[in-house]
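> One structure coming up, written as structure tokens, with questions to follow.
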Amino acid sequence: MAGSQRGLRMLRAMAEAAPIPVKVTERYEGNSEILMLYGVGHPERLKWWKAHQGTRICWDLGYWNRQQAMRVAVGYEHPRNMPQAPADRFKACGIMLRNDYKPTGHILLAGMGTKSRSMLGFRGQEWEKKTLWRIKRTYPESRIYYKAKRPEEWTGCRVSDQPIERLLKNASLVVCRHSNVAIDACIAGIPVVCEDGAASELYGSDLAAPKNPSHEERLAFLQRLAWWQWKNSEAAQAWKFLLTVCGSTSDVAGGGFRATSALMPSNVQPLI
């Protein structure tokens, strides 16, 4: 799959640019201080992720510029407690914040992918159906659109295959569990309700009282988030950032840190 190939390219770039000793494997060996992999949602790699006792770094598809960039997290599936960071990295992306919010507009419910459902223990559309019921109870007069991760049958509200940019236009709210759609909504100025994912740091999960951050709050959040997304060509910079986050810069200087980069064979399908 295209997503898995991008993940492999990112891991290979990180292995080549590593400032510390790296062993590239296709199976988990459990004898390194850092485990770096792509796609925690895959059942086998999820086992490795949970088993590893040291530092864990995972990559997945990016928040924006997804054809080139990959997002990264340390210790969790999504970035948490992101520290303050310089604004120049987000500024270089050329993304302009919008204000597509309409208080009386529709609500967008973003569905999960098959691997995410399996990873979290949901059967089929279990989470989506329960969440739709909560939305209808909380906002009985609102129009609701459902955007699936993959095409699937659905009953209970309008299903849309329109691009996210169109669905966000004049929306009043986006509801998701942890989808990158929340980041799209942040850029578009739409309030979000989410249970997990990077955007939960800004928005939270209170459906009855969604947060609507100011332009300044959204910009500050995206400026921090930009440091958790990298291109293959930025692998050396990504290492410097990640090792700083891990608090291991002194170990790097002393050569005392070892890392394993777990590369997947092409017949394994990572979470995309």
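> Relative contact order for segment 106-211: what is it in percent, counting Cα pairs under 8 Å that are at least 6 residues apart?
27
> Here's a follow-up. Would you mind pulling out the separation of the Cα centroids of segment 28-54 and segment 160-208, in Å?
29
> Calculated from DSSP H runs of 4 or more alone, at -39500 (n - 2.57) each and per residue, what is the 222 nm mean residue ellipticity of the chain, nearest 500?
One gets -9500 deg cm²/dmol as the mean residue ellipticity at 222 nm.
> Continuing with this model, one more query. If the chain between residue 129 and residue 170 were fully stretched, how many nm would it gain, using 0.36 nm times the residue separation less the Cα-Cα distance?
Taking residue 129 through residue 170 to full extension adds about 12.4 nm, to one decimal.
> Another question, then. Work out the FRET efficiency for residue 5 and residue 87 from their Cβ-Cβ distance, taking R0 = 45 Å, and round it to the nearest 0.05.
Between residue 5 and residue 87 the formula returns 0.90.
> Scan around residue 171 for amide H atoms under 5 Å from its own, H built in the peptide plane at 1.01 Å from N, and keep only partners 5 or more places away or cross-chain.
Correct list: 102.
> Under 20 °C and 1.002 mPa s, how fast does segment 1-60 diffuse according to Stokes-Einstein, given a Kirkwood radius computed over C-alpha pairs? Answer in µm²/s, whole number.
178
> Moving to a separate point now. Helix by helix through the chain, keep the DSSP H runs that span 20 Å or more along the axis on Cα and average at least -0.5 on Kyte-Doolittle, and give those back in order.
Helices meeting the criterion: 2-17.
> Below 8 Å between Cα atoms, with a sequence gap of 6+, how large is the relative contact order for the chain in percent?
Result for the chain is 33 percent.
> Could you work out which residue, out of 66, 117, 137, moves most in a Gaussian network model of the chain, that is, has the largest mean-square fluctuation with Cα springs under 10 Å?
137
> Over segment 133-194, what is the relative contact order in whole percent, taking alpha-carbon pairs under 8 Å and six or more residues apart?
24
> Calculate, for residue 120 and residue 24, the FRET efficiency according to 1/(1 + (r/R0)^6) with r their C-beta to C-beta distance and R0 51 Å; round to the nearest 0.05.
0.95
> Now for a separate question. Starting from the amide H of residue 192, placed 1.01 Å from N in the peptide plane, find each other amide H under 5 Å away whose residue is 5 or more places distant or on another chain.
174, 211
> Let me ask something else. For segment 84-231, state what percent of all Cα-Cα pairs lands in each successive 10 Å bin, counting from 0 Å until the bin that includes the largest distance.
Per 10 Å bin, starting at zero, the Cα-Cα P(r) for segment 84-231 comes out as 11, 42, 34, 12, 1 percent.
> On alpha carbon coordinates alone, what is the Rg over Rh value for segment 49-145, Rh being the Kirkwood radius?
We get a ratio of 1.04 for segment 49-145.
> OK, next. P(r) for the chain, please, calculated from all Cα pair distances in 10 Å bins and given in %.
For the chain, the pair-distance distribution reads 6, 29, 33, 22, 8, 1, 0.
> Please work out how much length the chain gains when fully extended from residue 162 to residue 145, using 0.36 nm per residue of separation minus the C-alpha to C-alpha distance, in nm with one decimal.
Gain on stretching residue 162 to residue 145: 5.1 nm.
> If I model a spin label as a point 7 Å beyond the Cα along the Cα-Cβ vector, how far apart are those points for residue 208 and residue 98 in nm?
With each label placed 7 Å out from Cα toward Cβ, I get 3.3 nm.
Read-outs: derived from the displayed coordinates by stated rules, not from any lab. Since we're looking at a predicted model, the values are computed, not measured. With ideal geometry, Cβ positions are generated from the backbone for all residues, glycine too; neighbour counts draw on all protein chains shown.
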